[in-house]
Amino acid sequence: MSWKIDNVLNILFDISFLLYIVAYVYYYDNAIANSEMIRMVATLAMLTTGSLEVLKNNKLVGLNSYILSYMLFMAFCLLSSIWAYDSHLATRSFPVMLRIVILFVFLNYRIVNDADTERLLDVYLIAVIVVVLIVTNDMIEYYSKNTFLLYRFGIIGNNPNIISMLSVFCTVICNHKYKVGDKKKLYVVLLIFYIFIIFVCRSKKGILGLAIGLFFVSYYRNLGNKRLTRVMYFALIVLALYVMLMRVPYFYNRIGYRFDELFDLLAGRTSGMNSTTNRAELILQGFRLWMQHPIWGIGINNFAVKQNVHAGTYYYSHCNYIELLSGVGLIGFFLYYYYPFKCLITKIGNADDLRIALKTICLLILFFDIATVNFQEVYVLVFYTFFFISMSRKKKSIRNKNH
């Protein structure tokens with residue numbers, strides 16, 4: 001009887017997890033009708049089902065090291081309000097990060113083995129489909145059923161870059177599910193669906209992220225193949241050069257902008273350069289702010305009031321690295337990125353496809369952090385939790401077998 005109760009509780013948690021992801025991807029903006037109410041309902045559902053997950057365990061489950069690291073980061077962000085230029089902006093992040101920590105704790109209880117992780121990855125796939133369907137409805141209502149795909153998908157009702165980023169994560173998950181699962185046709189269809197969404201979002205980051213994801217999955221699955229390894233290293237060097245040309249202002253102003261001109265010409269656009277140039281200037285300003293306050297920063301979220309590219313508005317840096325360096329300095333940057341960077345050197349066997357997929361998504365997050373601010377986005381950070389919880393569960397399983 002107890003296993004039936006456990007299964008029901010797990011299903012309830014998974015449903016609330018789905019609602020939570022949808023709520024904080026789509027209903028993050030208070031301008032959307034009933035968004036506050038929907039986020040509150042999703043949060044209450046998560047708190048209820050998560051608490052039941054904790055209570056059903058007979059013993060205290062030790063917190064994962066990544067969760068503890070994020071808790072320290074959260075505390076330091078709150079502390080930064082003491083020296084922040086605008087203390088209100090610094091403290092505003094605390095409730096958001098606290099909700100993230102609580103979800104991480106619940107996941108630490110929910111995920112007992114790899115099967116639980118696999119199930120939550122399926123839930124994530126469904127959540128992104130739900131978001132896509134809602135955005136599709138918004139696009140059709142604003143434009144029309146026959147013409148909405150002529151416009152950048154997500155420009156109405158959401159953010160094209162967010163939708164394409166989540167779709168990239170989903171392509172990695174589908175690739176993994178196809179390799180290890182028995183519903184191969186389903187995951188092929190889903191893979192094609194997510195790739196289609198990436199392209200209709202017209203996101204350069206999304207398309208590049210798709211290529212990076214395929215690259216790293218292939219690389220980790222074929223470790224030991226010397227010829228393939230050499231080809232992949234060459235491809236990685238080319239990719240690094242591309243990122244340097246497009247994201248480092250010095251090189252972008254001299255060479256990189258020509259690639260943007262080419263992309264805009266091929267896509268029939270003329271406004272692409274202004275956005276990229278503004279973002280490069282934002283990054284430069286953030287770097288200068290960090291150089292003035294290298295250890296402590298100017299207070300989390302305070303870049304928005306110090307920048308003057310968009311004077312009179314709260315405008316973030318469009319780069320997670322710069323946002324954290326300028327906001328909480330080297331200390332906060334280290335607390336946040338220690339475990340994500342540790343993921344880069346974590347060794348995984350080429351037969352361990354689940355952890356290959358999760359590590360690939362973590363590396364993709366580090367890539368997307370170049371052009372997005374994700375330090376308080378639960379639908380992104382959840383993958384770090386999946387990875388490090390799955391690694392700790394695997395180590396525990398190995399220790400138990402050895403004893």
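When residues in region 342-377 are screened for being crowded, with 19+ Cβ neighbours inside 10 Å and among the basic types (Lys, Arg), 2 of them pass.
Would you tally the residues in region 198-224 being assigned to a loop (DSSP other than H, G, I, E, B) and surrounded by 21 or more Cβ atoms within 10 Å (Cβ to Cβ)?
2
Answer yes or no as to whether MET46 is aliphatic (A, V, I, L, M) and open to solvent by less than 70 Å² (accessible area, probe 1.4 Å). Taking the combined requirement at face value, the residue satisfies it.
When the residues of region 29-44 are filtered to those that are of a type in the set (A, V, I, L, M, F, W, C) and modelled with pLDDT of 85 or more, the one that is farthest from ASN137 (Cα to Cα) is LEU44. Could you please let me know if ASP138 is at pLDDT below 95, in a loop (DSSP other than H, G, I, E, B) and of a type in the set (Asp, Glu)? In short, no. Scanning region 170-189 for residues that are of a type in the set (A, V, I, L, M, F, W, C) and out of contact with any Ser or Thr (no Cβ under 9 Å at 6 or more places or on another chain) returns CYS170, ILE173, CYS174, VAL180, LEU186, VAL188, VAL189. The C-beta contact set for region 200-213 (first residue closer than 12 Å to LEU166 by Cα, second residue among the charged types (D, E, K, R), distance under 7 angstrom, 6+ apart or interchain) comprises CYS201/ARG152. Being outside any helix (DSSP H, G or I) and open to solvent by less than 40 Å² (accessible area, probe 1.4 Å) is the filter; apply it to region 157-168 and report the residue that is nearest to ASP122 (Cα to Cα). Ranking the qualifying residues of region 157-168, first place goes to ASN158.
Taking residues in region 6-28 that are within 12 Å of MET40 (Cα to Cα), and partners anywhere that are acidic (Asp, Glu), the pairs with Cβ atoms closer than 9 Å and at least 6 places apart or on different chains are TYR24/GLU377; TYR27/GLU36; TYR28/GLU377. Among the residues examined, ASN113 qualifies as out of contact with any strand residue (DSSP E or B) (no Cβ under 8 Å at 6 or more places or on another chain) and closer than 20 Å to ARG355 by Cα. In summary, helices (runs of 4 or more DSSP H) completely within region 267-358 and bearing 2 or more residues that are farther than 26 Å from SER392 by Cβ, at pLDDT below 95 and out of contact with any Phe, Trp or Tyr (no Cβ under 7 Å at 6 or more places or on another chain) occur at 272-292.
The values are calculated or read from the model by the stated rules, or taken from the named source; none is laboratory data. Bear in mind the structure is a predicted one, so any value in this text is a computation, not a measurement. Note that each Cβ is placed from the backbone with ideal geometry, even for glycine, and that neighbours are counted across all protein chains shown. Surface areas here come from the heavy atoms of the whole protein model, side chains and all, with no ligands, DNA or RNA. Shrake-Rupley method; radii C 1.70, N 1.55, O 1.52, S 1.80 Å.
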